[in-house]
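Below you'll find the structure, written out as structure tokens, and then a few comments.
The values are calculated or read from the model by the stated rules, or taken from the named source; none is laboratory data. A quick note: this is a predicted structure, and the numbers were derived from the prediction, not measured. Note: ideal-geometry Cβ built from the backbone for every residue, glycine included; neighbour counts use all protein chains shown. Only protein heavy atoms, including side chains, enter the accessible area calculation; ligands, DNA and RNA are left aside. Shrake-Rupley method; radii C 1.70, N 1.55, O 1.52, S 1.80 Å.
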Amino acid sequence: MTHVLELRNLDTSFFTEGGELRALQGVSLTVGSGEILGLVGESGSGKSLTGFSINGLISPPGRVVGGEVLLHGENVLDLSREAMRRIRGQNIAMIFQDPMMTLNPVLRVETQMRDALAAHLSLSRAEARARSIAALDEVGIPSPEERLRAYPHQLSGGMRQRVAIAIALLHQPDLIIADEPTTALDVTIQGQILALVQRLCRERGTALIWITHDLAVVAGIADRIAVMYAGRLVEVGPVDDVLDNPAHPYTAGLMDSVPSRGRRGRRLNQIPGRMPALTSLPEGCAFRPRCSRATDACRAPQELHDIGPARKVRCIHPLTEATA
Amino acid sequence: MTEAPMLTVENVSKRFGSKGDFIARGLAAIGLAKPRPQVLAVDDVSFVLNRGEVLGVVGESGCGKSTLGRMIAGLLEPSEGTILVDGEARGARVAKRDEPGKAPRALDLQMIFQDPFSSLNPRKRVTDLIGEAPRVHRIVDRDGLERYVADLMERCGIDPAYRDRFAHQFSGGQRQRIGIARALAVKPEILVCDEAVSALDVSIQAQIINLFMDLRDEFGLTYVFISHDLGVVEHIADRILVMYLGRIVESGPAAEIFTDPQHPYSRALIEGVPRLDRRRVVYNPIEGDIPSPLDPPKGCHFHPRCPLAQDRCRVEAPKLRRIAPGRSAACHLVPETSTVAPPVAKESTEWPVTKTG
């Protein structure tokens, strides 16, 4: 089976005066065509950095120091700057949390969409306009001809995010990396964006990596889920398996922290403490100081190992035992 | 003698922007000047909150929930209506001189803000951040201050050894704890929490929610908990106000509203919330954007987005009326009696979220 994207032991580090900060350590993932992968973690877990590393957007003092990013089997880390530029936007598109940051505030929507098209194609003005209108129409923007004339500040937050998605879709990418695209939006608008992204992925077979801190959003749209903690993947698996029977104590703790129906008014099972800083990662399992199941054996380096079909966990005391 | 409700909010409205003076209005009337925009941020809101209760105020951007919270906390003056705390108007409470050793009663209301980065003075040490108000108001004397601050820090989960640090030396969750300790230092009765956990990571958010619940049990605090995060509100609140463009559209006990919302907006909001136990959802959200509060739709504010809207909804604003014991809703289509099912469109429109196999 071929994957649209495969990460093999991706390592990303930042080289600071205080020494090397290992921000990503051995991240291995796959995403197939039409698949939605939810990449979950809290601030500082490295989830956004994974997205940036795939796209070649890590800038000094940071650097991808090891591993492979295989897009249709080809390692994009080996590509020249120019070759990477041709892939970025055309084969891999990115959607960010804050559309005000991705859209240029002093250019009309039309100009920005034309620029995005011109980056990879040579089209006439009329052709570019027609494709822009089609893209805006597809993401559910009413009267797209008029919206082309608008500046980003004239649009609401939800509309801006739709424009950002329309731009990401212009070149029909194979892979979209969405970094918390609904976090800044209201609940009803979030629902609209989720519905849109879901439909587009299913219809076009686009692979999607949905980066978020919100497990509940992932539960709603993802096929598979990958949980990150302190720069490492701690658990990967199909969404039902992971959420019904979390194997890593951190996944379980994260789920218990989400207020959910049926536990109204009761104390939440909080995880004590907080995520360690990259400057002072504990040896062995990074979650060890916060974990109730930790033993001395957890001081040794932990490997991501299989515990079932398509399931992996980085823990020697998993909550769910390996199934045949 | 029956105890007065802890908080009474009566017909409170808040307008931002003025109509201008006589000349400005005259010029606007004959078309020589643009009429000044006015926003009715909160429109005729009333409710009563008893001691020890947690009121959740939910709604999306521009619904007036933060403005309401700021009026309750005394940071904004209502344009109309009155707010009574423990049966007294706030003006009277400020004027009152209290016996030394007891907090002036104006301090009964404290606010906890969303952003623990901008709500703490970056140039003050923790001990001053927490200790200044009780010292100034003579809640504690100079000798007891250190002990008092240390107790508060410990109670809120901050190591008292850090008392001489500055706010920037703490993480977001720790800063929010400092904000809570600062609010508690003046022995308030009511805490107004405006998106107090929204900026925090999930595992830290759970710690702060637990702290809020422990403090309620310990000090009998009353909360006004404002949030756009319905999951959090559902967890912590006893009663709920759902607001849309300045008006209350539904209110009632949290357990009932979350299991059986009656107003079409509440239903869309509650059913649109992603949940851990809902997998591979096919989202079918309500269409349209939230209208600008500068120019809200006529009649029912929600009618342009409401799948059930009728002609009446476009002209006549529905009144908030009682639909069951303890429950009210502002919708023409919600029946009067309690046990009737919510309004259903003729050709049974699917509601926002349906699960597929």
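Overview of values
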{"read-out": "Tally of residues being in contact (Cβ under 8 Å) with a residue 40 or more places away in the chain and crowded, with 18+ Cβ neighbours inside 10 Å across the stretch B:158-169", "value": "1"}
{"read-out": "Residues that are among the aliphatic types (A, V, I, L, M), outside any helix (DSSP H, G or I) and in contact with a helix residue (DSSP H, G or I) (Cβ under 9 Å, 6 or more places away or on another chain), drawn from the stretch B:210-252", "value": "B:Leu221, B:Val224, B:Ile226, B:Ala237, B:Ile240, B:Leu241, B:Val242, B:Met243, B:Val249"}
{"read-out": "Odd one out for A:Ala297, checked against (1) within 13 Å of another protein chain (Cβ to nearest Cβ); (2) farther than 21 Å from B:Ser198 by Cα", "value": "(1)"}
{"read-out": "Residues located in the stretch A:183-217, provided they are more than 8 Å from chain B (Cβ to nearest Cβ), within 26 Å of B:Gln205 (Cα to Cα) and open to solvent by less than 10 Å² (accessible area, probe 1.4 Å)", "value": "A:Ile193, A:Ile209, A:Trp210, A:Ile211, A:Thr212"}
{"read-out": "Criterion (surrounded by 16 or more Cβ atoms within 10 Å (Cβ to Cβ) and within 14 Å of chain B (Cβ to nearest Cβ)) met by exactly one of A:Gly67, A:Gly44, A:Gly51, A:Gly62", "value": "A:Gly44"}
{"read-out": "Qualifying residue in the stretch B:197-209 (condition: away from chain A (no Cβ under 12 Å) and not in a helix (DSSP H, G or I))", "value": "no"}
{"read-out": "Evaluation of B:Gly69 against (1) small (Gly, Ala, Ser); (2) open to solvent by 20 Å² or more (accessible area, probe 1.4 Å); (3) within 30 Å of B:His263 (Cα to Cα) (one fails), failing number", "value": "(2)"}
{"read-out": "Identity of the residue in the stretch B:13-47, open to solvent by less than 70 Å² (accessible area, probe 1.4 Å) and in a loop (DSSP other than H, G, I, E, B), that ends up modelled with the lowest pLDDT", "value": "B:Gly20"}
{"read-out": "Candidate set from the stretch B:284-306 (those that are under 21 Å from A:Leu196 (Cα atoms) and out of contact with any Pro (no Cβ under 7 Å at 6 or more places or on another chain)); member that is least open to solvent (accessible area, probe 1.4 Å)", "value": "B:Arg305"}
{"read-out": "Qualifying residue in the stretch B:197-213 (condition: charged (D, E, K, R) and either surrounded by fewer than 19 Cβ atoms within 10 Å (Cβ to Cβ) or out of contact with any Asp or Glu (no Cβ under 6 Å at 6 or more places or on another chain) (or both))", "value": "no"}
{"read-out": "Verdict on A:Val236 being within 21 Å of the chain's Cα centre (by Cα), hydrophobic (A, V, I, L, M, F, W, C) and away from every other protein chain (no Cβ under 13 Å)", "value": "yes"}
{"read-out": "Residues satisfying the stated conditions in the stretch A:285-324, i.e. farther than 27 Å from A:Leu37 by Cα and part of a loop (DSSP other than H, G, I, E, B)", "value": "A:Ser292, A:Arg293, A:Ala294, A:Thr295, A:Ala300"}
{"read-out": "Pairs with Cβ under 9 Å, 6+ apart, first in the stretch B:227-243 and over 18 Å from B:Pro264 (Cα atoms) and away from chain A (no Cβ under 11 Å), second open to solvent by 10 Å² or more (accessible area, probe 1.4 Å) and among the charged types (D, E, K, R)", "value": "B:Arg239/B:Glu53"}
{"read-out": "Qualifying residues in the stretch B:48-64 (those that are under 12 Å from B:Val242 (Cα atoms) and assigned to a strand (DSSP E or B)) - the one nearest to the chain's Cα centre (by Cα)", "value": "B:Val57"}
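Let's see how each residue does on (1) surrounded by 14 or more Cβ atoms within 10 Å (Cβ to Cβ); (2) under 30 Å from B:Pro253 (Cα atoms); (3) touching a helix residue (DSSP H, G or I) at 6+ places or on another chain (Cβ under 9 Å); (4) modelled with pLDDT of 90 or more:
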| position | (1), (2), (3), (4) |
| --- | --- |
| A:Ala226 | yes, no, yes, yes |
| A:Val236 | yes, no, yes, yes |
| A:Tyr250 | yes, no, yes, yes |
| A:Gly253 | yes, yes, yes, yes |
| A:Asp256 | yes, yes, yes, no |
| A:Ser280 | no, no, no, no |
| A:Gly284 | yes, no, yes, no |
| A:Ala300 | no, no, no, no |
